[in-house]
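Engineer: Here's a structure for you.
The values are calculated or read from the model by the stated rules, or taken from the named source; none is laboratory data. Small disclaimer: the values here were computed from a predicted structure and weren't measured. Here the Cβ positions follow ideal geometry from the backbone for every residue, glycine too, while neighbour counts run over all protein chains shown. Surface areas here come from the heavy atoms of the whole protein model, side chains and all, with no ligands, DNA or RNA. Shrake-Rupley method; radii C 1.70, N 1.55, O 1.52, S 1.80 Å.
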Amino acid sequence: MRWHVHGSRPAYRSPWVEVWLDDVELPDGHHVEHHVLKFPRPSVGAVVLDRNRALLIWRHRHITDAWGWEIPAGWADPGEDLTAAVAREILEETGYRAATIQPMVTYNALSGISTMRYSVFAATGTTHVGDAVDTAENARVEWVPLADVPRMAPRGEIVDGPSLTALSYYLGIHTRAATP
(Lines give C-alpha, C1' and ligand atoms only; values in the text may rest on other atoms or scores of the structure.)
Protein backbone atom coordinates (compact mmCIF):
# COMPACT_ATOMS: atom_id res chain seq x y z
CA MET A 1 0.00 0.00 0.00
CA ARG A 2 2.98 2.29 -0.55
CA TRP A 3 2.66 5.38 -2.72
CA HIS A 4 5.43 5.79 -5.32
CA VAL A 5 6.79 9.20 -6.29
CA HIS A 6 7.75 9.38 -9.97
CA GLY A 7 8.79 13.00 -9.97
CA SER A 8 8.74 16.23 -8.02
CA ARG A 9 8.89 19.87 -9.06
CA PRO A 10 8.86 23.11 -7.10
CA ALA A 11 5.81 25.35 -7.41
CA TYR A 12 7.00 28.00 -4.94
CA ARG A 13 10.10 28.57 -2.81
CA SER A 14 10.93 31.03 -0.05
CA PRO A 15 13.17 31.00 3.03
CA TRP A 16 10.03 30.11 5.07
CA VAL A 17 8.28 27.43 3.05
CA GLU A 18 8.41 25.55 -0.23
CA VAL A 19 5.49 24.07 -2.15
CA TRP A 20 6.30 21.08 -4.34
CA LEU A 21 4.10 19.10 -6.71
CA ASP A 22 4.78 15.37 -6.67
CA ASP A 23 3.70 12.95 -9.40
CA VAL A 24 2.48 10.13 -7.17
CA GLU A 25 1.31 6.66 -8.20
CA LEU A 26 -1.27 5.31 -5.76
CA PRO A 27 -1.40 1.60 -4.88
CA ASP A 28 -4.27 1.10 -7.36
CA GLY A 29 -2.10 2.45 -10.23
CA HIS A 30 -3.71 5.90 -10.55
CA HIS A 31 -1.46 8.94 -10.73
CA VAL A 32 -2.21 12.15 -8.83
CA GLU A 33 -0.44 15.45 -8.45
CA HIS A 34 0.09 15.81 -4.71
CA HIS A 35 1.06 19.08 -3.01
CA VAL A 36 3.89 18.88 -0.49
CA LEU A 37 4.77 21.69 1.92
CA LYS A 38 8.46 21.59 2.76
CA PHE A 39 9.93 23.55 5.61
CA PRO A 40 13.64 24.37 5.32
CA ARG A 41 14.29 24.28 9.08
CA PRO A 42 13.18 22.02 11.93
CA SER A 43 10.56 23.35 14.35
CA VAL A 44 10.99 23.27 18.12
CA GLY A 45 8.80 24.06 21.11
CA ALA A 46 8.96 23.75 24.88
CA VAL A 47 6.62 23.12 27.74
CA VAL A 48 8.29 25.41 30.27
CA LEU A 49 7.46 24.27 33.80
CA ASP A 50 7.60 25.64 37.32
CA ARG A 51 5.66 24.22 40.32
CA ASN A 52 2.75 22.74 38.36
CA ARG A 53 2.55 25.74 36.05
CA ALA A 54 3.40 26.20 32.38
CA LEU A 55 4.81 29.40 30.90
CA LEU A 56 2.51 30.33 28.01
CA ILE A 57 2.36 33.12 25.48
CA TRP A 58 -0.91 34.87 24.59
CA ARG A 59 -0.78 35.85 20.95
CA HIS A 60 -2.76 36.55 17.80
CA ARG A 61 -2.30 34.54 14.61
CA HIS A 62 -3.25 36.57 11.56
CA ILE A 63 -3.79 33.54 9.29
CA THR A 64 -6.63 32.13 11.40
CA ASP A 65 -7.49 35.52 12.98
CA ALA A 66 -7.43 33.80 16.36
CA TRP A 67 -6.03 34.62 19.79
CA GLY A 68 -4.74 31.83 21.99
CA TRP A 69 -2.19 30.53 24.47
CA GLU A 70 0.91 28.93 22.99
CA ILE A 71 4.14 27.38 24.20
CA PRO A 72 7.40 29.13 23.25
CA ALA A 73 8.36 27.80 19.83
CA GLY A 74 10.15 28.52 16.60
CA TRP A 75 12.68 27.27 14.09
CA ALA A 76 16.20 26.04 14.55
CA ASP A 77 18.74 28.02 12.57
CA PRO A 78 20.80 26.10 9.99
CA GLY A 79 23.22 23.82 11.85
CA GLU A 80 21.85 24.82 15.26
CA ASP A 81 21.42 22.12 17.89
CA LEU A 82 17.68 21.66 18.62
CA THR A 83 18.15 22.04 22.38
CA ALA A 84 20.04 25.30 21.84
CA ALA A 85 17.31 26.45 19.44
CA VAL A 86 14.51 25.87 21.92
CA ALA A 87 16.52 27.56 24.71
CA ARG A 88 16.93 30.58 22.42
CA GLU A 89 13.22 30.62 21.58
CA ILE A 90 12.23 30.44 25.26
CA LEU A 91 14.48 33.38 26.08
CA GLU A 92 13.49 35.50 23.06
CA GLU A 93 9.75 34.96 23.47
CA THR A 94 9.40 35.02 27.26
CA GLY A 95 12.45 36.61 28.88
CA TYR A 96 13.11 33.42 30.88
CA ARG A 97 16.21 31.22 30.78
CA ALA A 98 15.76 27.50 31.50
CA ALA A 99 18.47 25.61 33.41
CA THR A 100 17.33 22.17 32.23
CA ILE A 101 15.90 21.24 28.85
CA GLN A 102 14.98 17.62 28.14
CA PRO A 103 13.58 16.18 24.89
CA MET A 104 10.04 14.79 25.11
CA VAL A 105 8.95 13.82 21.60
CA THR A 106 9.54 14.50 17.91
CA TYR A 107 6.67 14.08 15.48
CA ASN A 108 5.50 14.83 11.95
CA ALA A 109 3.14 17.76 12.37
CA LEU A 110 1.18 17.34 9.10
CA SER A 111 2.07 13.89 7.76
CA GLY A 112 -0.37 13.94 4.86
CA ILE A 113 0.93 17.10 3.23
CA SER A 114 4.12 18.36 4.89
CA THR A 115 7.69 17.45 5.80
CA MET A 116 7.49 19.51 9.01
CA ARG A 117 9.24 17.78 11.94
CA TYR A 118 8.41 19.20 15.34
CA SER A 119 10.55 18.50 18.40
CA VAL A 120 9.08 19.21 21.83
CA PHE A 121 11.09 19.66 25.01
CA ALA A 122 10.34 20.04 28.72
CA ALA A 123 12.17 22.97 30.31
CA THR A 124 12.63 23.57 34.03
CA GLY A 125 14.68 25.64 36.44
CA THR A 126 13.71 28.98 34.95
CA THR A 127 15.12 32.37 35.81
CA HIS A 128 13.55 35.61 34.64
CA VAL A 129 16.36 37.59 32.99
CA GLY A 130 14.38 40.44 31.42
CA ASP A 131 11.63 41.33 29.05
CA ALA A 132 10.93 39.21 26.00
CA VAL A 133 13.20 40.27 23.15
CA ASP A 134 10.77 39.29 20.39
CA THR A 135 7.76 41.44 21.27
CA ALA A 136 6.09 40.67 17.93
CA GLU A 137 5.62 37.10 19.20
CA ASN A 138 3.39 37.82 22.19
CA ALA A 139 0.84 40.14 23.73
CA ARG A 140 1.64 38.78 27.19
CA VAL A 141 3.52 35.97 28.93
CA GLU A 142 2.01 34.21 31.96
CA TRP A 143 2.45 31.22 34.21
CA VAL A 144 -0.72 29.13 33.82
CA PRO A 145 -1.62 26.29 36.21
CA LEU A 146 -1.29 22.94 34.43
CA ALA A 147 -4.59 21.91 36.05
CA ASP A 148 -6.32 24.64 33.98
CA VAL A 149 -5.09 23.34 30.60
CA PRO A 150 -7.74 20.57 30.23
CA ARG A 151 -10.47 23.23 30.64
CA MET A 152 -8.77 25.89 28.49
CA ALA A 153 -8.45 23.76 25.37
CA PRO A 154 -12.17 22.96 24.90
CA ARG A 155 -13.00 26.63 25.52
CA GLY A 156 -10.84 27.52 22.51
CA GLU A 157 -8.12 29.20 24.56
CA ILE A 158 -5.42 26.85 23.18
CA VAL A 159 -6.01 26.51 19.43
CA ASP A 160 -2.43 26.21 18.16
CA GLY A 161 -1.88 22.58 17.11
CA PRO A 162 1.77 22.21 18.19
CA SER A 163 1.00 23.83 21.58
CA LEU A 164 -2.04 21.65 22.13
CA THR A 165 -0.04 18.57 21.15
CA ALA A 166 2.89 19.47 23.42
CA LEU A 167 0.74 20.24 26.45
CA SER A 168 -1.42 17.15 25.93
CA TYR A 169 1.65 14.98 25.49
CA TYR A 170 3.22 16.38 28.65
CA LEU A 171 0.05 16.01 30.76
CA GLY A 172 -0.73 12.54 29.43
CA ILE A 173 2.00 10.37 28.01
CA HIS A 174 5.11 12.09 29.40
CA THR A 175 3.83 12.50 32.96
CA ARG A 176 2.52 8.93 33.07
CA ALA A 177 5.74 7.51 31.65
CA ALA A 178 7.74 9.32 34.35
CA THR A 179 5.54 7.93 37.14
CA PRO A 180 6.56 4.40 38.24
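Engineer: Taking only protein heavy atoms into account and a 1.4 Å probe, give the accessible area per residue of the chain in Å².
Structural biologist: Computed with neighbouring chains in place, this is 58 Å² per residue.
Engineer: I would also like to ask the following. Which three extents, in angstrom, do the Cα atoms of the chain have along their principal axes, listed largest first?
Structural biologist: 55, 38, 32
Engineer: Would you list Ile173, Ile113, Ile63, Ile158 from the most to the least accessible area, probe 1.4 Å?
Structural biologist: Working: Ile173 105, Ile113 75, Ile63 145, Ile158 5 Å².
The ranking, largest first, comes out as Ile63, Ile173, Ile113, Ile158.
Engineer: Take the Cβ-Cβ distance between Val5 and Asp77 as r, set R0 to 30 Å, and report the resulting FRET efficiency rounded to the nearest 0.05.
Structural biologist: On the way: r = 29 Å, r/R0 = 0.97.
Taking R0 as 30 Å, the efficiency between Val5 and Asp77 is 0.55.
Engineer: Over segment 43-180, what is the relative contact order in whole percent, taking alpha-carbon pairs under 8 Å and six or more residues apart?
Structural biologist: Normalised by residue count, the contact order of segment 43-180 is 32 percent.
Engineer: Here's something else I'd like to know. With each label point set 7 Å from Cα along the Cα-Cβ vector, what nm distance links Glu25 and Arg51?
Structural biologist: Taking the two extended label points, one gets 6.3 nm.
Engineer: Can you give me the % of accessible surface on segment 55-98 that is carbon or sulfur? Probe 1.4 Å, all protein chains present, nothing else counted.
Structural biologist: 56 percent
Engineer: Is the C-alpha gyration tensor of segment 88-180 telling us rounded, prolate or oblate? Criteria: a/c under 1.5 is rounded; beyond that, a/b larger than b/c is prolate, otherwise oblate. Walk me through the numbers on the way to the answer.
Structural biologist: Values: a/c = 1.35, a/b = 1.24, b/c = 1.09.
Rounded, because the longest to shortest axis ratio a/c is under 1.5.
Engineer: Pick out which of Asp65, Asp134, Asp22 has the largest mean-square fluctuation in a Gaussian network model of the chain, springs linking Cα atoms closer than 10 Å.
Structural biologist: In this elastic network of the chain, the residue with the biggest mean-square fluctuation among Asp65, Asp134, Asp22 is Asp65.
Engineer: Right, something else. For the chain, with a Gaussian network of springs between Cα atoms less than 10 Å apart, report the residue from Pro145, Pro162, Pro27 with the top mean-square fluctuation.
Structural biologist: Residue with maximal mean-square fluctuation among Pro145, Pro162, Pro27: Pro27.
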